[in-house]
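Asks: Sharing a structure here in structure tokens format.
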Amino acid sequence: MKLSIKDRIHLPILFPAKSDLVTLRLVKDIVAKTEITQGEVKKVKLVPTEGGYKWDKEQDEGVEVKFTDLELGVLKERIQEMDKAKDIPAEMADLCIRLTE
């Protein structure tokens, strides 16, 4: 799955705040696979702003990430919880749909 800077900035919203050790280990693995590197920060000129982040979207090539079934399970479970509570931010809809397909 190809993830853009925007996707990877939003992804932590899907991580549980508290959980069991196995789930938290899976979250740690997801973080490692999806981190935004220093090279990407320089390339896209990623900078924090008052309301979030700003970057050159033209330079964002994204990264290909292969999640395991267990990692996808953690993300899908959280998406289901957020969906049931009608708590998915509109700017995350595309990411959530791609993760659940």
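Any read-out appearing in this document is the output of simple, stated calculations on the displayed coordinates, not a laboratory observation. Treat the numbers as computed from the prediction; the structure is a model and nothing was measured. Cβ sites come from the backbone with ideal geometry, for glycine too, and all protein chains shown count toward neighbours.
Asks: How far, in nm, would the chain grow between K84 and T100 when pulled straight, counting 0.36 nm per residue and subtracting the alpha carbon separation?
Replies: Taking K84 through T100 to full extension adds about 4.3 nm, to one decimal.
Asks: Count of lysine pairs in the chain with Cα atoms under 18 Å apart, counting only pairs 8 or more residues apart in sequence or on different chains?
Replies: Number of lysine pairs found: 27.
Asks: Another question about this same structure. Can you match Rg and Dmax of the Cα atoms in Å to one of these, (i) 13.9, 39; (ii) 15.1, 53; (iii) 12.8, 43, based on a calculation from the structure here?
Replies: Computed from the coordinates, Rg and Dmax of the Cα atoms in Å corresponds to (i).
Asks: Okay, next question. Among D60, D69, which comes first, second and so on when ranked by fewest other beta-carbon atoms within 10 Å?
Replies: D69, D60
Asks: Can you tell me the relative contact order of the chain? Whole percent, Cα pairs under 8 Å, sequence separation 6 or more.
Replies: In percent, rounded to a whole number, it is 36.
Asks: Residue by residue through the stretch 58-63, what is 3J(HN,Hα) from phi via Karplus (6.51 cos²θ - 1.76 cosθ + 1.60, θ = phi - 60°)? Round to whole Hz and write x for glycine and proline.
Replies: With the stated coefficients, the stretch 58-63 comes to 5, 8, 7, 8, x, 10 Hz.
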